[in-house]
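To start, the structure itself, in structure tokens.
The values are calculated or read from the model by the stated rules, or taken from the named source; none is laboratory data. Note that the structure is a prediction, hence the values are computed from the model and not measured. Here Cβ is always computed from backbone atoms with ideal geometry, including for glycine, and neighbour counts include all displayed protein chains.
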Amino acid sequence: MSEYLDRIVENLKSIESEEAETIEKAICAVANTIKRDGLIFVFGCGHSHIPGLDAFYRAGGLANVSPMLDTDLMLHNGAAKSSRMEKMQGIAPEVFRRYVPTKNDMIFIFSASGKNRVPCEMGDAAKNAGVFSVGVSSSAYFERGGDLHNHVDLHIDCKIPYGDACIEVGEARMGGLSTSAACFILNTCLIGGAKKALADGVKPPVYISGNVDGGREHNIVLENLYLGRVKHL
């Protein structure tokens, strides 16, 4: 096992064991959102938008997942610019408004440090609209300006170290843990929520691979249900 793999596994196991209670609450929120035919929004800036992409429109993914993909806050339209903009005030309410979340919906907000203005204000926007919010950030930043946990209804600690990178390479560090941690947390919540909804008699809307027999036909039915509701579909 490589050193980096060791650190990833160690991180994921600590999340599973130490955050079980909060993850279970998020699972219940996902199940309830599925049962009331709501949308599950996913938001993050920079690399923290990756979990939303990972869960969106894919084989084994919930069709009611709606990532909030604002170009100015993503890397492909100017990484340095997006890094500055995620610290600016007043952006999150406008992004939130464009996606029109309702009280039937919920939102996951990802920010490894929890320090930046936009994800914190996204939590505030959700609270003001009565949309249940789950924030995911690391407690390693709580005493270093991390504040997302104070702006959401439920907080899950992603347990990454201060600075994210975990492998010493000379005077530098490499090997970020935040993406694997975030995707693990989100998918655990979505899978658990789907199972719970099914146990309560509501079939979750799950895409299957378009490259297996019947996959395309199955997915078209789901697409037609969410076209016009999931913005990027």
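The residues in the range 169-205 that are within 17 Å of A63 (Cβ to Cβ), buried (at least 19 other Cβ atoms within 10 Å of the Cβ) and either hydrophobic (A, V, I, L, M, F, W, C) or free of Cβ contacts under 8 Å to residues at least 40 places away in the same chain (or both) can be counted, and the count is 5. Restricting to the range 118-145, name every residue that is of a type in the set (G, A, S) and within 23 Å of K159 (Cβ to Cβ). Matches in the range 118-145: G123, S133, G135, S137, S138, S139, A140, G145.
Taking the criterion of being over 15 Å from the mean Cα position of the chain (by Cα), over 16 Å from K196 (Cα atoms) and surrounded by fewer than 19 Cβ atoms within 10 Å (Cβ to Cβ), the residues of the range 14-57 that qualify are S14, E16, S17, E18.
If the condition is being assigned to a helix (DSSP H, G or I) and modelled with pLDDT under 95, then the range 27-50 contributes G46, H47, S48, H49, I50. Taken over the range 206-219, the residue count meeting the criterion of being surrounded by 11 or more Cβ atoms within 10 Å (Cβ to Cβ) and β-branched (V, I, T) is 2. Within the range 141-161, the set of residues being more than 18 Å from Y4 (Cβ to Cβ) and out of contact with any Gly (no Cβ under 9 Å at 6 or more places or on another chain) comprises E143, R144, D157. Number of residues in the range 66-87 that are crowded, with 18+ Cβ neighbours inside 10 Å and either free of Cβ contacts under 8 Å to residues at least 40 places away in the same chain or of a type in the set (A, V, I, L, M, F, W, C) (or both) equals 7. Would you check if D153 is touching a residue at least 12 places away in the same chain (Cβ under 8 Å), surrounded by fewer than 20 Cβ atoms within 10 Å (Cβ to Cβ), touching a Ser or Thr at 6+ places or on another chain (Cβ under 9 Å) and not aromatic (F, W, Y)? So D153 fits the description; yes. Please tell me if C166 is surrounded by 17 or more Cβ atoms within 10 Å (Cβ to Cβ) and at pLDDT below 95. So C166 fits the description; yes.
Please verify whether K159 is of a type in the set (D, E, K, R) and touching an Asp or Glu at 6+ places or on another chain (Cβ under 8 Å), treating the condition exactly as stated. Taking the combined requirement at face value, the residue satisfies it. In the range 92-105, the residue that is surrounded by the fewest Cβ atoms within 10 Å (Cβ to Cβ) out of those that are touching an Asp or Glu at 6+ places or on another chain (Cβ under 9 Å) and among the aliphatic types (A, V, I, L, M) is V95. Just one of the listed residues (V134, V118) is surrounded by 15 or more Cβ atoms within 10 Å (Cβ to Cβ) and either of a type in the set (S, T, N, Q) or touching a Leu at 6+ places or on another chain (Cβ under 6 Å) (or both), and it is V134. Within the range 1-59, the set of residues being charged (D, E, K, R) and at positive phi comprises just one member, D37.
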